[in-house]
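**Q** Below are the C-alpha cells for one structure; questions will follow.
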Amino acid sequence: MCGLLGLLTTDGTGDAAVTRVGAALHCLRHRGPDEHGTWHDADVIFGFNRLSIIDIEHSHQPLRWGPPENPERYALTFNGEIYNYLEIRAELAEKHGTEFRTEGDSEAIVAAFHHWGADAVRRLRGMFAFAVWDTQERELFVARDPFGIKPLFLATGTGGTAFGSEKKSLLELADVIGIDTDLDPRAIEHYTVLQYVPEPETLHAGIRRLESGCYARLAPGKSPEVTRYFTPTFPAAAFTAGSEQSRYREIAEALEDSVAKHMRADVTVGSFLSGGIDSTAIAALAMRHNPNLITFTTGFEREGYSEVDVAAESAAAIGARHVVKVVSPAEFAAAIPEIIWYLDDPVADPALVPLYFVAKEARKHVKVVLSGEGADELFGGYTIYREPLSLKPFEYLPAALRRAAGTLSERIPDGTRGKSLLHRGSMTLEERYYGNARSFNDAQLRAVLRDFRPEWTHQDVTAPIYAQSRDWDPVARMQHLDLFTWLRGDILVKADKMTMANSLELRVPFLDPEVFSVASRVPLDQKITKSTTKYALRQALEGIVPPHVLHRAKLGFPVPLRHWLAGTELYDWAHEQIAASGTDHIFDKAAVTRMLRDHRDGVSDHSRRLWTVLCFMIWHGIFVEKRIVPQIQEPTYPVSL
C-alpha cells in the first residue's frame, strides 16, 4: 500500500525532474508515512510513499525484479493489496521455476507480468493501481483494479506523461509536462448534477483518470493506449427447483473465502460497523480469523441520525470490541477544507465527513480495516432498485399515453402525492435513472449555473453504459450503471480518500472477483421482492449475521445536514462560504443565497443542492483561488499496529 507518483518523460530524467517528483511526493505523504523515495533511469522516474502492510521488512518500493538472465529488468511501484498473492507465487514457482526474493505481494505482480503479460491483471484478486517499467522494451504498463477501489490519474503533455495516486501531485508537475490546468466546464456541470465527477473526467481539463478495469501501455513520446480488461455483466439467470439452498451456500462460501483472504496482513486488522447487514457480515466473518477484532462506528448527537446503539448491539452479538466516535456540528464544519483537500475533486456526499472521523479514530488502534462497500451494487440492495416493480404498470401503456402522464405530472403542484410516480413512470429507464446520486434537475441548475448547457446531461455519462445492457432486466441494468457511476465515483472515492487521509488501509471483501462471479448470477426475483432487497444475500447470511440485523434496512452513517443547514449549526457558516467564494463566473451567488434562505425558511429542502455547491466553492477556494489553505498535519503514526 502506498501513494505512487511517476513521470515518463520525453526530455530525459535530469536532476531537476527527479527533484520535482521528489518534492511532489509530499502531497501524498498521508498515503504512506512509513518510507518514501524515488528511482529513475533515462526515461522514467518513480516515486513512492509506503504504508507497510505485508512483508514490512523486505518489500520496499520501487521494487526491482527480473528473470535470472536480467534480474533488474523491471521496476514496479504499486498501491494496493493482492489477496491471492500466495497462490500466484506458488503457481509461478511450480510452473515456471520462479524464484522470489521477498515474502510480499508486490513481487507476485511483477513476476506474473513477466510470465503472463497483460493477462496477469485478470489473475489478480485485490485492489490495485500499479506501474511496471520494462527497462528492456522501454515500455510502461499501468493498470487499475476491476472495480476502481484504488485511484490512478494520468496527464499527458509535451514533456511526457505523469501518473499518480492523487491529482494534486500531478498538478505539482503541470509545468514540467506542459498540461492544461484550466477547469473543464463539462465536468463542472456533470458534478453539479451527479454530486461527483464521473470517470474518466476530473475538474482539470488536462488530467484524466485511468478507468476501473483498464490498463494502459505507454512509451516515451507517445500517448497512452488504454485497454479495458474487465467489463462486469449480469447474465440472465434463474434458480432451478431445489437449487436455492445450494446458491445461498455458494454466496456464503464465496464471501467467507474473500474475507479470509482480505485478512492477510502482517499488522492488526479491524472492521467498520454501521449495524447493517453488510458491515455486520464482514465483521462476523472476520471474527473467525481474529477473535480479538475491534469494530468502529460513528454517529451524531442528534436523535434519528445516529446508529451508534444499533452498531454496539451488533458488535456485542458477534463478540467484538467496539469503539465509537461521535461527531459534533463544530467538528463537522471545521474539517471540511481539510477533507476536500484530500479528495482532489469534490464529492458532495456528506457521509464522507463521519467516515473521515471514524477512520481517524480507527487509526489509533489498527492499520487496516474491512468494510461492506459493494454489497448493494452486487446483490441488489438499494431501495431504488425496487422502482421497476412499482412502475411496471406503466410499461403496458401506449407511448403516447405515457407521455401524457408526464405532461400531467408537470401541472401538479410540487409535493402532491403521486406527482413523482407519474413523472417517473412516463420516462424510460435510461431517461429517469442517473444512478444513486442526483442533485439538481435542469430547471434548478439553469437558475444557479451561469454557463448551463442542456446538451451536457447525465446521459452523456450513462448512455454508453446503458448501451451495454440493452437486453437485461431493469434491476440488472441499474446495478450495472451504478458500478460505473455511483460506486466508483462516490462510494469508493470517499472510502479510499478518507481512510488514506489517516494512513489507514480499507479493504472491501464484497468487491472481489469471485464474489462478483456468484452475485452476477443471482436472478431478479432473488434480489428484489415487494418487501425487501438483497433477498438472496440475506438468506445466505442466516447463521452468520445476528437475527436482529438480518432484515434491518440499510443504515450507513446518516448525516443531519438538512437540519444543520437550516439551523444555528451550519446556516451562518454556509452563508459565509457563499459570500467569500470567488466562483461568481460559475454560479449565480445571489440565486444560491436565495436557495439557502428558502431552505432555512422551510420553503423547500435544498440541502443536497446546497451541499453540492458549497463543496465546489470550498474546492475552488483551495485549488484555484488559493484563498483557503487547509492545515494538513504531518503523519505521525507508528510503522505497525
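The values are calculated or read from the model by the stated rules, or taken from the named source; none is laboratory data. Small disclaimer: the values here were computed from a predicted structure and weren't measured. Cβ: placed from backbone, ideal geometry, glycine included. Neighbour counts: every protein chain shown. Quick note on the areas: whole protein, heavy atoms, side chains included, nothing else; ligands and nucleic acids left out. Shrake-Rupley method; radii C 1.70, N 1.55, O 1.52, S 1.80 Å.
**Q** Can you confirm whether ALA320 is touching a strand residue (DSSP E or B) at 6+ places or on another chain (Cβ under 7 Å) and without any contact (Cβ under 8 Å) to a residue 60 or more places away in the chain?
**A** So ALA320 fits the description; yes.
**Q** Just to confirm my filter: which helices (runs of 4 or more DSSP H) fall fully inside region 440-519 and include at least 3 residues that are among the charged types (D, E, K, R)?
**A** Those helices (runs of 4 or more DSSP H) span 492-500.
**Q** Give ASP482, ASP490, ASP451 a once-over and let me know the one that is in contact with a His (Cβ under 9 Å, 6 or more places away or on another chain) and either without any contact (Cβ under 8 Å) to a residue 60 or more places away in the chain or not hydrophobic (A, V, I, L, M, F, W, C) (or both).
**A** ASP451
**Q** Ok, one more. Can you find even one residue in region 294-302 that is more than 27 Å from ARG608 (Cβ to Cβ) and touching a residue at least 60 places away in the same chain (Cβ under 8 Å)?
**A** Yes, region 294-302 contains a residue that is more than 27 Å from ARG608 (Cβ to Cβ) and touching a residue at least 60 places away in the same chain (Cβ under 8 Å).
**Q** Right, next: Restricting the first residue to region 1-12 and requiring it to be among the β-branched types (Val, Ile, Thr), which pairs with a second residue that is surrounded by fewer than 21 Cβ atoms within 10 Å (Cβ to Cβ) and part of a loop (DSSP other than H, G, I, E, B) meet a Cβ separation below 9 Å and a spacing of at least six or different chains?
**A** THR9/ALA42; THR9/GLY159; THR9/PRO220; THR10/THR158; THR10/GLY159; THR10/PRO220; THR10/GLY221
**Q** Test of understanding: among LYS95, LYS167, which residue is in contact with a strand residue (DSSP E or B) (Cβ under 7 Å, 6 or more places away or on another chain), on the phi < 0 side of the Ramachandran plot and of a type in the set (Lys, Arg)?
**A** LYS167
**Q** What are the residues in region 337-353 that are touching a helix residue (DSSP H, G or I) at 6+ places or on another chain (Cβ under 8 Å) and under 25 Å from VAL323 (Cα atoms), if any?
**A** Within region 337-353, ILE339, TYR342, ASP349, PRO350, ALA351, LEU352, VAL353 meet the criteria.
**Q** Tell me which residues, restricted to region 588-638, are surrounded by fewer than 13 Cβ atoms within 10 Å (Cβ to Cβ) and not in a helix (DSSP H, G or I).
**A** Answer for region 588-638, where residues must be surrounded by fewer than 13 Cβ atoms within 10 Å (Cβ to Cβ) and not in a helix (DSSP H, G or I): ASP601, GLY602, VAL603, LYS626, ARG627, VAL629, GLN631, GLN633, GLU634, THR636, PRO638.
**Q** Which one is least open to solvent (accessible area, probe 1.4 Å), of the residues in region 438-459 that are of a type in the set (Asp, Glu) and modelled with pLDDT under 90?
**A** Here the residue is ASP442.
**Q** Conditions first: (1) touching a His at 6+ places or on another chain (Cβ under 7 Å); (2) in a helix (DSSP H, G or I); (3) open to solvent by less than 30 Å² (accessible area, probe 1.4 Å). GLY270 passes all but one, so which condition is the exception?
**A** Among (1) touching a His at 6+ places or on another chain (Cβ under 7 Å); (2) in a helix (DSSP H, G or I); (3) open to solvent by less than 30 Å² (accessible area, probe 1.4 Å), the lone unmet condition for GLY270 is (2).
**Q** If I ask for residues that are part of a helix (DSSP H, G or I) and open to solvent by 10 Å² or more (accessible area, probe 1.4 Å), which ones from region 75-90 would you list?
**A** TYR85, LEU86, GLU87, ARG89, ALA90, listed by residue number.
**Q** Can you find a residue in region 91-104 that is acidic (Asp, Glu), in contact with a His (Cβ under 9 Å, 6 or more places away or on another chain) and either assigned to a helix (DSSP H, G or I) or open to solvent by 50 Å² or more (accessible area, probe 1.4 Å) (or both)?
**A** Yes: region 91-104 contains one or more residues that are acidic (Asp, Glu), in contact with a His (Cβ under 9 Å, 6 or more places away or on another chain) and either assigned to a helix (DSSP H, G or I) or open to solvent by 50 Å² or more (accessible area, probe 1.4 Å) (or both).
**Q** If you take the residues of region 188-210 that are open to solvent by less than 50 Å² (accessible area, probe 1.4 Å) and of a type in the set (D, E, K, R), which of them is nearest to VAL448 (Cα to Cα)?
**A** Among those residues, the one meeting the criterion is GLU189.
**Q** Now for a separate question. Which of the numbered conditions does PRO547 fail, given that it passes all the others? Conditions: (1) surrounded by fewer than 17 Cβ atoms within 10 Å (Cβ to Cβ); (2) in contact (Cβ under 8 Å) with a residue 60 or more places away in the chain.
**A** Only one criterion in (1) surrounded by fewer than 17 Cβ atoms within 10 Å (Cβ to Cβ); (2) in contact (Cβ under 8 Å) with a residue 60 or more places away in the chain is unmet by PRO547, namely (2).
**Q** Condition test on SER520, is it among the hydroxyl-bearing types (Ser, Thr, Tyr) and open to solvent by less than 40 Å² (accessible area, probe 1.4 Å)?
**A** Yes: the conditions hold for SER520.
**Q** When you scan region 155-172, how many residues do you find that are closer than 18 Å to LYS222 by Cβ, buried (at least 22 other Cβ atoms within 10 Å of the Cβ) and touching a residue at least 60 places away in the same chain (Cβ under 8 Å)?
**A** Count: 4.
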